[in-house]
1. With solvent modelled as a 1.4 Å probe, how much accessible area in total do chains B and A shield from it at their shared surface, in Å² to the nearest 100?
2. Taking each pair of different alpha-carbon atoms in region B:36-176 once, compute 1/r for the pair, average those values, and report the inverse of that mean as the Kirkwood hydrodynamic radius in Å to one decimal.
3. Which entries in the list A:Lys13/B:Lys53; A:Lys9/A:Lys200; A:Lys9/A:Lys51 go over 20 Å, if you measure between the two C-alpha atoms of each?
4. Based on the Cβ-Cβ distance from B:His172 to A:Arg145, what FRET efficiency comes out when R0 is 35 Å, to the nearest 0.05?
5. Say R0 is 22 Å: what FRET efficiency, to the nearest 0.05, do A:Ala84 and B:Thr70 get from their beta-carbon distance?
6. What are the semi-axes of the equivalent ellipsoid of the protein assembly as shown, taken as the square roots of 5 times the eigenvalues of the Cα gyration tensor, listed largest first and rounded to whole Å?
7. What distance in nm separates the two pseudo spin-label positions at B:Asp77 and B:Ser156, each 7 Å out from Cα along the beta-carbon direction?
8. Mean-square fluctuation check for chain A, GNM, Cα pairs under 10 Å: which of A:Ile209, A:Ile114, A:Ile106 is largest?
Amino acid sequence: MTAPLLRTKGLGKAFTLHLQGGTHIPVLGDVDLAVHPGECVALWGPSGAGKSTLMRCLYGNYGAGSGRIMLRHRGADIDLAAAAPRTVIEVRRETLGYVSQFLRVIPRVATRDIVAEPLIARGMNRGEALARATTLLHRLNLPERLHGLPPSTFSGGEQQRVNLARGFAPFYPVLLLDEPTASLDAANRAVVLSLINEAKATGAAIIGIFHDTEVREAVADRLYDVLPQQDAA
Amino acid sequence: MTPHRPEAGGLTPLLEAQGLNLRFGAIPALIDVAIDITAGEVVAIVGESGSGKTTLLRVLSGMMAPDAGTVQWLGQDVLAMGEAARRRLMRTEWGFVHQNPRDGLRLAVSAGGNVGERLMAVGARHYGSIREQALSWLAKVEIDASRIDDLPRTFSGGMQQRLQIARTLVTHPKLVFMDEPTGGLDVSVQARLLDLIRSLSRELGLSVLIVTHDIAAARLLADRILVMRRGRVVEQGLTDRVLDDPQHPYTQLLVSSVLAA
């Protein structure tokens, strides 16, 4: 087997809540996870076990408390847990994509531009980027009349599809998906399944949280158990 | 236009300051502050009133001298620079967007004149070309071309702020200092300004150092964020990490005090 695109070693994370008297909450401990090209790993564990926290650590949105996050970037392995902010930004632009459950964007920006933005940031010309954005939005069944509107007034399912289009548009080598089908109907779920399988076929490494059993069984090659941490108290 | 492509760490900063200290009598305004910014980066400085963030901006832009510390622009010592050299920098490679647009505009000069004047200050002399560039910048900041000959005092606060931004950017500075540029404006106008600042920084590869108390604005605009309190930088880093996983008690308080929109 080829080397993993992403591998954690002893990754741990705890939160200290200074406003609640310094309460210390351990969430992750000793996570050793490796994902290879073309593979999809589903995080598995009860609600509150820390699956979303792990995803956020992998994206650099949460700082790792301990351990390493080795990621193949520009042909070399770098430790994302220790990377400078500018490096994390570069990694997110070129290597690592993340589809969260929430769409957070500048007000007033058209849906089409939101989806095209990461492509333009990677150096694609504007026309090509907008064309790819339009194609993906159509594929996710968002009608053309919505493409020119900002998504703030869209339904939850529509916003999620904008988020998905933005996440799948750039063909990231490593993709994190947090409940990508949570508020989608069957037809759109099927579209997301084929997007995931196409990304795998091109060699992407995917880590996902999929509460929907049918979706999980359709895309995941294996499960990774996220175990709840015992309270230190 | 080339897209915004900042390189990873290791790139030489445009502006770099170290060991900044400044006291106003008994009150420490800056304590051991260090900051740098590279090409194409947007860096936000957040904190409550009196935290020293505006003072820091004034020191970095050479408007105020610190008691100790260094400020370098492309390796040049800003603090040792003469007043004339600093003014030249402010006309060419730097720009400053004030919180109150009236501090950055000339109110007795037309909108077009405000934009054109900065071009003339860097040597533009051809009237037709100056007017053409002024019109193109008014369009970029969404001010109707028919208002070009009107005085800024006939503009709304939001329009004045957009005019100040056009006036500042027309000479293509490398770094723009912004002091609460959306403060005092309607929320709808703030959103337009945020969108404008961000797209201009992306399209022009502009670096922006922005002081704000608006955490939501910082999240949408900034690559990196510095949190100041009582003259110290208490936490800094990647914007979304500082806001979503704050480590310092003060940052946790600041983030938890924001109303979710």
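1. Result for this pair: about 2800 Å² buried.
2. About 16.3 Å for region B:36-176.
3. A:Lys13/B:Lys53; A:Lys9/A:Lys200
4. Computed FRET efficiency for B:His172 and A:Arg145 comes out at 0.40.
5. 0.55
6. 41, 28, 20
7. With each label placed 7 Å out from Cα toward Cβ, I get 4.9 nm.
8. Per the Cα network of chain A with a 10 Å cutoff, A:Ile106 tops the list.
The values are calculated or read from the model by the stated rules, or taken from the named source; none is laboratory data. Remember, predicted model here, so these are calculated numbers, not experimental data. Glycine gets a Cβ as well: all are built from the backbone with ideal geometry, and neighbour counts include every protein chain shown. Surface areas here come from the heavy atoms of the whole protein model, side chains and all, with no ligands, DNA or RNA. Shrake-Rupley method; radii C 1.70, N 1.55, O 1.52, S 1.80 Å.
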